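Visitor: Got a structure for you, questions after.
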Amino acid sequence: MTINKNPSSNKSKKLSGEQQVANFLANLEHPLKAEIEEVRTIILSANDEITEHIKWNAPSFCINNQDRVTFNLHGKDGFRLIFHCGSKVTGNEAKEPFFEDTTKLLEWVTGDRAIVKFTSMKDVVTNKENLKEIVKKWIGAN
């Protein structure tokens, strides 16, 4: 039997957001895991100030510690990105969308919430630049 002489080493350290997401993805079993990882890379490359962590049991991306884009990984035929304004009411729920989506990639749910769906690597690769543009616009509008 080994006795640990350093009790502080037994304390668990809180993982950084990036570590949380890395661990989550390492353990993720999803048929579109490669596509999910590629979308993560695209989102992180859209703005140097984007951070990430786990929210709603999926990777979520923040600006100034405010969640703005969160994966929804339910389903085996695809996954979604939820573009939102965090948990606070914005007053724009029933109004027009924040901005005109010239890419036509966003499916507006309300004026301050939209969804993008991906079903294949072809979807991801084809829409890489459009996704970057949308992430930048979403951050700018919020």
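Visitor: Taking interchain pairs and intrachain pairs at least six residues apart, which have beta carbon atoms under 8 angstrom, with the first residue in region 99-125 and part of a helix (DSSP H, G or I) and the second loosely packed, with under 13 Cβ neighbours inside 10 Å and not basic (Lys, Arg)?
Guide: 121/34
Visitor: Separate question: Is there any pair with a first residue in region 63-88 that is without any contact (Cβ under 8 Å) to a residue 12 or more places away in the chain and a second that is surrounded by 13 or more Cβ atoms within 10 Å (Cβ to Cβ) whose Cβ atoms are under 8 Å apart and which are 6 or more apart or on different chains, and what are they?
Guide: If the second residue must be surrounded by 13 or more Cβ atoms within 10 Å (Cβ to Cβ), no pairs are left.
Visitor: Also, quick follow-up: Whether any residue in region 43-56 is assigned to a helix (DSSP H, G or I), open to solvent by 30 Å² or more (accessible area, probe 1.4 Å) and over 16 Å from residue 123 (Cα atoms) is what I want to check.
Guide: Yes: region 43-56 contains one or more residues that are assigned to a helix (DSSP H, G or I), open to solvent by 30 Å² or more (accessible area, probe 1.4 Å) and over 16 Å from residue 123 (Cα atoms).
Visitor: Would you check if there is a residue in region 75-95 being open to solvent by less than 50 Å² (accessible area, probe 1.4 Å), farther than 23 Å from residue 20 by Cα and either part of a helix (DSSP H, G or I) or among the hydroxyl-bearing types (Ser, Thr, Tyr) (or both)?
Guide: No, there is no match, as no residue in region 75-95 is open to solvent by less than 50 Å² (accessible area, probe 1.4 Å), farther than 23 Å from residue 20 by Cα and either part of a helix (DSSP H, G or I) or among the hydroxyl-bearing types (Ser, Thr, Tyr) (or both).
Visitor: While we're on this one: Report every pair of residues separated by at least 6 positions or lying on different chains whose Cβ atoms are under 8 Å apart, first residue within region 1-30 and among the aromatic types (Phe, Trp, Tyr), second modelled with pLDDT of 95 or more.
Guide: These pairs meet every condition: 24/54; 24/58; 24/59.
Visitor: Further, regarding this structure: Could you please give the count of residues in region 98-142 that are of a type in the set (A, V, I, L, M) and either under 17 Å from residue 45 (Cα atoms) or open to solvent by 70 Å² or more (accessible area, probe 1.4 Å) (or both)?
Guide: Number satisfying all stated conditions: 7.
The values are calculated or read from the model by the stated rules, or taken from the named source; none is laboratory data. Given the structure is predicted, the values throughout are model-derived calculations rather than measurements. So basically every Cβ, Gly included, is an ideal-geometry build from the backbone, and we count neighbours across all protein chains shown. Heads up: the accessible areas ignore ligands, DNA and RNA and are worked out on the full protein's heavy atoms, side chains in. Shrake-Rupley method; radii C 1.70, N 1.55, O 1.52, S 1.80 Å.
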